[in-house]
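Remarks on the structure that follows.
Here, each number is a calculation from the coordinates, and none is a lab measurement. What you see is a predicted model; the values in this text were computed from it and never measured. Glycine also receives a Cβ, built like all others from the backbone with ideal geometry; neighbour counts cover every protein chain displayed.
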Amino acid sequence: MTGVVLNNVVKRFGDVQVIHGVDLEIEDGEFCVFVGPSGCGKSTLLRMVAGLEETTEGKIHIGDRDVTDMDPSERGVAMVFQTYALYPHMTVAQNMGFGLKMTGHPKEVIDSKVGEASRILKLDPYLDRRPKALSGGQRQRVAIGRAIVRGPDVFLFDEPLSNLDAELRVEMRVEIARLHEEIGATMIYVTHDQTEAMTLADKIVVLRDGRIEQVGKPMDLYRDPDNKFVAGFIGSPS
Ligand code: ADP
Ligand code: MG
């Protein structure tokens, strides 16, 4: 079981509290989407699950493991960012395999995992290219491929498509939905795009000022938002 559970999670930067006691259960294999206005704490929550930010108070469990104070590399998570952060001097295959190489995996294992990820993401024709010879969509595929290669229990996406043009966003959204179907891992996905939230999510979490405003299935929030704020994000047609 690799669900994610947050218990009364608090984050303070110095004296400023930005997350105010968040309780949330994400089930094993669930696709959970965080939405909310800029600055409401979406990235901070995600980074606490990843271990890139310390949790000030509260507990975070992944499966039956308390990961609250664990090193990021031990949590079984992989994060995909808005900026792809690929190594320019490495090929696509080297970029995808780099994490495994650093942790001392043998070449056969790396080649097999990179092969599997490139099949899922249709990157086979590009394995020997460098990032500058790829389109934005292909670069984001490589960044996702790098996460797949690590075989995480939980994928964390922070607005992964917001640098892409509208057409590519639709294409990549479909790819991400297919990825979730194929590998079935738990995914937490931050976006401010209503269509992405409605089409990808099993569960949507609406955040406001570091608190959860409402949690529910997309159509339940759409039909029955608790208030105007939630309706503004989910209920109203864009
Ligand atoms: P979102 O991703 O929803 O736009 P963030 O999680 O990035 O929001 O930010 C939530 C709040 O925390 C904002 O007020 C932001 O300014 C603040 N914040 C984020 N990171 C830091 C940091 N490293 N130091 C101080 N304040 C931060
Ligand atoms: Mg953010």
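Structure notes:
- Lys217-Arg119 FRET efficiency (beta carbon distance; Förster radius 45 Å; 0.05 resolution): 0.90
- Amide H within-cut-off set for Val190, under 5 Å, with H built and near neighbours excluded: Phe34, Phe157, Asp158, Glu159
- Annotation: amide H-H contacts under 5 Å for Met79 (H modelled 1.01 Å from N, sequence separation of 5 or more, or interchain): Leu156.
- Across the stretch 157-162, computed HN-Hα scalar couplings (Karplus, 6.51 cos²θ - 1.76 cosθ + 1.60, θ = phi - 60°) run 10, 10, 6, x, 10, 6 Hz from first to last residue, x flagging Gly and Pro.
- Relative intensity, log₁₀ I(q)/I(0), of the stretch 106-162 from a Debye sum that treats every alpha carbon as a point, q = 0.21, 0.25, 0.26 Å⁻¹: -0.84, -1.10, -1.15
- Highest mean packing first, where packing is the average number of other Cβ atoms within 10 Å per residue, the peptides 45-58, 107-120 line up as 45-58, 107-120.
- Degrees, to the nearest 10: 92-102 long Cα axis against longest axis of the chain: 80 degrees
- Three-way shape call for the stretch 42-81 based on the alpha-carbon gyration tensor, with the a/c threshold at 1.5: oblate
- Helix axis angle, 107-120 relative to the chain longest principal axis, alpha carbon, degrees: 60 degrees
- Along the stretch 206-216 the Karplus relation, 6.51 cos²θ - 1.76 cosθ + 1.60 evaluated at θ = phi - 60°, assigns HN-Hα couplings of 9, 9, 8, 6, x, 10, 7, 8, 6, 10, x Hz to successive residues, with x for each Gly and Pro.
- Computed over the Cα atoms of the stretch 28-171, the ratio of the radius of gyration to the Kirkwood radius (Rg/Rh) comes to 0.98.
- Relative to its residue count, the stretch 157-238 spans a Cα convex hull of 98 Å³ per residue.
- Rounded to the nearest whole Hz, the Karplus-based 3J(HN,Hα) values (6.51 cos²θ - 1.76 cosθ + 1.60, θ = phi - 60°) of the stretch 127-143 follow the sequence 4, 9, 7, 9, x, 5, 8, 10, 6, x, x, 5, 4, 5, 4, 5, 4, with x at glycine and proline.
- Computed over the stretch 83-238, the ratio Rg/Rh where both radii use C-alpha atoms and Rh is Kirkwood: 1.04
- Residues whose placed amide H lies under 5 Å from that of Gly3, excluding near-sequence neighbours: Asp28, Gly63
- Rounded tilt (10° steps) of 166-183 against the dominant C-alpha axis of the chain: 80 degrees
- Under 17 Å from a label point set 7 Å out along the Cα-to-Cβ vector of Thr56, the amide N atoms of the stretch 187-209 belong to 208-209.
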